Every structure is written in C-alpha cells, then in structure tokens.
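Data first, discussion second: the structure below is written as structure tokens.
Read-outs: derived from the displayed coordinates by stated rules, not from any lab. Keep in mind that what you see is a predicted model, and the values were worked out from it rather than measured. Here the Cβ positions follow ideal geometry from the backbone for every residue, glycine too, while neighbour counts run over all protein chains shown.
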Amino acid sequence: MFFFNRRRSTYSDFSELALDMHSHLVPGVDDGAKDVSDSVSIISGLKELGFQYLITTPHTLQGIHPNTKETLTAGHALLAGHVPAGISIKLSSEYYLDEQFDEQLNAKSVMPMPGNRLLIEFSQISRPLDLEEKIFDLGIKGYQVILAHPERFQFFHRQFDYYKRLKEMGVELQLNALSLTGHYGKNVKSIAEKLVEKDMIDFIGTDIHHLRHLEVLKQVPGTKSFERLIKSGLLKNKHLI
C-alpha cells in the first residue's frame, strides 16, 4: 500500500499575518459593504479569520466611485461604536490613477497608510503609457507606492519581467489572498504563485468586498504559497500596525 504525503499547511487562519491592508468595509461608498450592518458582519468574519487590525481601502475612482477624503471619513465615522472588540479599523483608500487622483494628490488630500504608502491601481486591460512617470512623481512627492493585486493585470502576464522592473523602481507589490484559491481564474492563480515563488510580494491583502469572500478566504491559510509567504519573513503587513 502506498501513502502519499498530504501534510497540511502550518497555518489554519490569518493570525500570523495580523493585519489586512486592503478591503472595502466603509458602508455605502463603493462596491463593498452596503451599510453599517454589512460592514460589521464582514469585520466580524475577518476577526474570526484571525485578523486584529484592518486598514480599509475603499475605491477612489473618477466617475464610478468619486470619493474624497471627506466622503470616506464620513462613511468611516458611521462605524464608530459598532466595530467588534479586539479589532481596530483605520482608513486609507485604493486610488485609481486618474485625473481625480492627480487633483487630490496636488491638494494633499490623499490618505496614505503608515510609511506614507499609497495603494494604487489602474486599468487591468492596458498599462498606462505614463505609468513609470507617475510612479517617479509619487516618489518625488515622498510617497511609497504599493501596487494592488499585480497578479490581476492581464497584460503583465505576457511580460513577467515587468514585475521586476516595478520592483527595481521601488514599487511594493500587494497580492490578493483570494488569488491563491483560483477565485479570479487559473491564470491569475498561476501568476500569483509565481510572484510568491520569486519572493516578489511585499504585502498580502484580502480585497474583501462582501460576505461571500469570507468562505473563500478560509481556503487561503492552507495553501503552500501562503505558508511560504509567512515563513519568508518578507511580508510587511505588520509594519503598518
């Protein structure tokens, strides 16, 4: 009789990670939590998964989710007194590189994470022609760029070396935990695993939008890639606490 090695991952939840730095928990401001009750249910679920600290990052996206510091702060304030004990939630945003972002940047009304970090994204269909110029400009202004879910930008799949170029420019890469489960498809999962294998990931975030994501997230700690990330010592999530 043959026995196959079916060793489980060392980890059963996200408690070793402690902090989630990408989520959509502010009620009613984007395609994430719909209201305070929805927010609290998701936050409670994240606590059960082992998180103690959350930096929530609702979209700031011109024409679709045209949020400002004022709208996000007001939405975040609605959670006061409702957040479950044992978990803290701070506010930043996931900024889309568009004209509205440029305006907020010039007005110094963006909301960076600790270390003056800004979580950015852009079209998943085509790379902005001025991407490197924008990254350079953010650095000149004193911001540290974090690129949200790099594994989901399809055009990078055909030019994997560009991830190395981003790292050379000082960009920190944030992996979506859901990508490790195949939630976004096989190709995204494959690229996510390759980025982990190449030790290119700086942060892992849930990018949670709704309660359904909680069930999928339960699969993540059991993956080999999650175990590798935690044991690598390269993750910077705790630097944001």
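Calculate the all-directions average of the projected area of the stretch 162-221's alpha-carbon convex hull, and give it in nm².
Averaging across all directions leaves 4.3 nm² for the Cα convex hull.
Within the set of other residues whose C-beta is less than 10 Å from the C-beta of H157, count the net charge using Lys and Arg as +1 and Asp and Glu as -1. Please report the intermediate quantities before stating the final value.
Numbers: positive: R152, R158, K194; negative: E151.
In short, +2.
Rg and Dmax of the stretch 8-52, Cα atoms, in Å?
Values for the stretch 8-52 (Cα only, Rg and Dmax): 12.2, 39 Å.
How much mean residue ellipticity at 222 nm does the chain get from its helices, if each DSSP H run of length 4 or more adds -39500 (n - 2.57) and you divide by all residues, to the nearest 500 deg cm²/dmol?
Values: 9 runs with 79 residues, N = 241.
Only helices count here, giving -9000 deg cm²/dmol.
Once you keep just the Cα pairs under 8 angstrom separated by 6 or more residues, what percentage relative contact order results for the stretch 19-240?
On the way: 382 pairs, mean separation 45.7, N = 222.
21 percent.
Just going by the charge dipole of the stretch 19-240, with Lys and Arg at +1 and Asp and Glu at -1 on Cβ, which of L229, F122, I204 is farthest out on the positive end?
L229
Work through the residues other than L119 whose Cβ is under 11 Å from its Cβ and net out their charges, Lys, Arg +1 and Asp, Glu -1. Please report the intermediate quantities before stating the final value.
Numbers: positive: R117; negative: E94, E121, E172, D207.
Summing Lys and Arg as +1 and Asp and Glu as -1 gives -3.
Kirkwood hydrodynamic radius for the stretch 19-240: how many Å is it when counted over pairs of different Cα atoms?
Here the Kirkwood hydrodynamic radius works out to 17.6 Å.
State to the nearest 20 debye the size of the charge dipole of the stretch 189-241 about its Cα centre, where the only charges are +1 on K and R beta carbons and -1 on D and E beta carbons. It would help to have the intermediate numbers written out before the result.
On the way: 10 positive and 7 negative charges, 16 e Å.
Result for the stretch 189-241 is approximately 80 debye, rounded to the nearest 20.
Modelled label-to-label distance, S88 and K218, 7 Å Cα→beta-carbon offset: nm?
The two pseudo-label positions are separated by 3.0 nm.
By how many nm would the segment from K198 to E99 grow when fully extended, if each residue of separation counts as 0.36 nm and the alpha-carbon distance is taken off?
Answer, rounded to one decimal: 32.3 nm.
Given the stretch 23-75, what whole percent of its Cα pairs are spread farther than 13 Å? The partial results should precede the final answer.
Details: 792 of 1378 pairs.
Value for the stretch 23-75 (Cα pairs over 13 Å): 57 percent.
Gaussian network model of the chain, Cα springs within a sub-10 Å range: biggest mean-square fluctuation belongs to which of M169, M200, M21?
Greatest mean-square fluctuation among the candidates belongs to M169.
Mind checking the full-extension length gain between D130 and Q144? Use 0.36 nm per residue of separation minus the Cα-Cα distance, one decimal, nm.
3.3 nm
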